[in-house]
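Peer 1: Provided herewith is a single structure, encoded as structure tokens, for subsequent inquiry.
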Amino acid sequence: MNEAEIEQFRNKLLNLKAELQNLEEASKTAVSSEPEQSASVGLSARDAMHAHLVAQEPARRRQRQLGKIEGAIRRIKSGDFGNCFVCGEEIDTERLTDDPTNTRCLKCVES
């Protein structure tokens, strides 16, 4: 993989990170006020808590994705980006284009 491709992946990862951080910030207010709102519309405490936990799942997914993005950015900095964690071979560029946080080549994922 050449330097221009790596720079494109770095920019894509930084943009994804910024998007997720913006979503995270916007959702914090909405999630934190849901139990009170649920109680005010007549839901039981148990139903309100369940609704609150369900509403938090997207935040957990965003945090996991942010962690994967941070890992990919660290791999770019260390020069390991694009190499399979299992076999060490280069991950197909098309696979990285689909998801630049991939850490395994297709052969290792399938085995």
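We did not get these values from a lab; they are worked out from the coordinates using the rules stated. Keep in mind it's a predicted model, so treat the numbers as computed, not measured. All Cβ positions, glycine included, derive from the backbone under ideal geometry; neighbour counts span all protein chains shown.
Peer 1: HN-Hα J couplings of segment 93-103 from phi, Karplus 6.51/-1.76/1.60, θ = phi - 60°, integer Hz, Gly and Pro as x?
Peer 2: 3J(HN,Hα) across segment 93-103, in whole Hz: 4, 4, 5, 5, 5, 5, 8, x, 8, 4, 10.
Peer 1: Answer with a single label: of (i) 15.2; (ii) 14.6; (iii) 16.2, which was calculated as Kirkwood radius over Cα pairs in Å from the structure in view?
Peer 2: (iii)
Peer 1: How high is the relative contact order of the chain, in percent, counting Cα pairs under 8 Å that sit 6 or more residues apart? Intermediate values should be presented prior to the final figure.
Peer 2: Working: 76 pairs, mean separation 27.9, N = 111.
Relative contact order of the chain: 25 percent.
Peer 1: Moving on to the next point. What angle, in degrees between 0 and 90 and rounded to the nearest 10, separates the Cα long axis of helix 3-40 from the longest principal axis of the Cα atoms of the chain?
Peer 2: 10
Peer 1: Still on this model: Take A26 and E90, extend 7 Å from each Cα along the Cα→Cβ direction, and tell me the distance between the two endpoints in nm.
Peer 2: 3.8
Peer 1: Once amide H atoms are placed 1.01 Å from N in the peptide plane, what residues at a sequence separation of 5 or more from N83, or on another chain, have their amide H within under 5 Å of its amide H?
Peer 2: When sequence neighbours closer than 5 places are left aside, the close amide H contacts are I91.
Peer 1: Please report the net charge: other residues with Cβ closer than 15 Å to the Cβ of E90, K and R +1, D and E -1.
Peer 2: On the way: positive: R75, R95, R104, K107; negative: E3, E5, D80, E89, D92, E94.
Here the count lands on -2.
Peer 1: For segment 58-70, take each phi angle, set θ = phi - 60°, evaluate the Karplus expression 6.51 cos²θ - 1.76 cosθ + 1.60, and give the result in whole Hz per residue in order, putting x for glycine and proline.
Peer 2: For segment 58-70, the Karplus curve yields x, 5, 5, 5, 4, 5, 5, 5, 4, x, 5, 5, 4 Hz.
Peer 1: Along Cα→Cβ, 7 Å out, is where each label goes; now give me the distance between the ones at D80 and R46 in nm to one decimal.
Peer 2: Each label point is offset 7 Å from its Cα along the Cβ direction, giving 4.7 nm.
Peer 1: Provide the per-residue ³J(HN,Hα) series for segment 81-92, in order, calculated from phi with Karplus coefficients 6.51, -1.76, 1.60 and θ = phi - 60°, each as a whole number of Hz, with x at glycine and proline positions.
Peer 2: With coefficients 6.51, -1.76 and 1.60, one gets 4, x, 9, 5, 5, 8, 9, x, 6, 6, 6, 3 Hz.
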